[in-house]
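Enquirer: Take this structure, written in structure tokens, and hold onto it; I'll ask about it next.
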Amino acid sequence: MILAYWAQLWIRPRALNRCRSGTNHIRTNLLPELTIPTNLLMIAGMTAQPAPSQHLALPLGYRGLRAAVLAELKRAGRLTTKELAGRTKASLNAVRHHLRELEEQNLVEYERQSRGVGAPAFAYRLTQSGESLFPTRYEATLSSLLDHLVEHEGRAATVTILESRYTGMAERLREELANVAPDERLARLARLLSEEGYMAEVNSSGNMATLTEHNCAIRSVAERFPEICAAEARFLGAVLGGIVQREKHILSGCSACEYRVSFEEQPAPLKGDNP
């Protein structure tokens, strides 16, 4: 049997050597080149191991080792630097470098884990922002559900359901922001909107403020149901306890949605505030 394996050896000039689908080769520096199909060198009981992250969907916008690190964390949940180095076949220093960069981008975070005897280990995991890098089908699924609702319940009922999300958020936030100063209300609301994907920021001057949303997280829905844009404006007014007027609108071709917010000289307490 061994002689039969070695009989598979052949010599061919380098210029004629071509990759064959499904066959890997071990090459030497000889000219002419000696080529040995690696499948002939397999020992019974051995199975070929897939490349790290070979069958995983790679995160959007990332390639190479950094993409492999994100993909392995997606698959395993939590991994130490040493475990990541083993899975990606990279050096510890290379993995540490990419983890630092990803941590600065708020894509990964770590926690201390006690694993028996010895110093605790630092296990890394994806943050919510890191999770969002991987492909999803939310938009297509939501669009299909909305089509179903419009067909069976009518457009008005569908709009009411969409608006109810803002109604529920307003009720919760009004309680959380009771007795909070207007500037702090704006800051907290901007953070919440940014977490929802709106890239919100606030600029305040006295009793006036500008709330800007640089991204519409539900743009495809808003384009079909612009009524929810009016619901958003009502939501902002209810939560902030001020007068809210939209100055710019993404659906009108602007680069952002911009709201002008004005407060009274002595802001009226929100409903539910303590006297």
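The values are calculated or read from the model by the stated rules, or taken from the named source; none is laboratory data. Every value quoted in this text rests on a predicted model; they were computed, and no experiment measured them. Positions of Cβ are backbone-derived with ideal geometry, glycine not excepted, and every protein chain shown enters the neighbour counts.
Enquirer: Can you say whether T136 is modelled with pLDDT under 90 and either on the phi > 0 side of the Ramachandran plot or in a helix (DSSP H, G or I) (or both), as far as the supplied structure shows?
Expert: No; evaluated as a whole, the condition is false for this residue.
Enquirer: Same structure, new question: Is there any pair with a first residue in the stretch 144-169 that is surrounded by 12 or more Cβ atoms within 10 Å (Cβ to Cβ) and in a helix (DSSP H, G or I) and a second that is of a type in the set (S, T, Y) and modelled with pLDDT of 90 or more whose Cβ atoms are under 7 Å apart and which are 6 or more apart or on different chains, and what are they?
Expert: L146/T158; L149/T158; V150/T158
Enquirer: While we're here: Within the stretch 92-109, is there a residue that is more than 30 Å from S220 (Cα to Cα) and outside any helix (DSSP H, G or I)?
Expert: Checked the stretch 92-109: at least one residue is more than 30 Å from S220 (Cα to Cα) and outside any helix (DSSP H, G or I).
Enquirer: Among the candidates L186, L173, single out the residue that is on the phi < 0 side of the Ramachandran plot, in a helix (DSSP H, G or I) and in contact with a Ser or Thr (Cβ under 8 Å, 6 or more places away or on another chain).
Expert: Selected residue: L186, the only one of L186, L173 that is on the phi < 0 side of the Ramachandran plot, in a helix (DSSP H, G or I) and in contact with a Ser or Thr (Cβ under 8 Å, 6 or more places away or on another chain).
Enquirer: A follow-up question, please. For A123, all conditions in the list (1) in a helix (DSSP H, G or I); (2) under 30 Å from T80 (Cβ atoms); (3) in contact with an Asp or Glu (Cβ under 7 Å, 6 or more places away or on another chain) hold save one; what is the number of the exception?
Expert: Going through the list (1) in a helix (DSSP H, G or I); (2) under 30 Å from T80 (Cβ atoms); (3) in contact with an Asp or Glu (Cβ under 7 Å, 6 or more places away or on another chain), A123 breaks only (1).
Enquirer: Somewhere in the stretch 226-240, is a residue at pLDDT below 90, assigned to a loop (DSSP other than H, G, I, E, B) and either within 19 Å of L173 (Cα to Cα) or not basic (K, R) (or both)?
Expert: There is no residue in the stretch 226-240 that is at pLDDT below 90, assigned to a loop (DSSP other than H, G, I, E, B) and either within 19 Å of L173 (Cα to Cα) or not basic (K, R) (or both).
Enquirer: If I filter the stretch 241-273 down to residues being among the acidic types (D, E) and outside any strand (DSSP E or B), which single residue comes out as modelled with the highest pLDDT?
Expert: Residue satisfying both the conditions and the ranking: E264.
Enquirer: If you don't mind, there's one more thing I want to ask. If V150 meets every condition in (1) at positive phi; (2) at pLDDT 90 or above; (3) not charged (D, E, K, R) apart from one, which number is that one?
Expert: Failed condition: (1).
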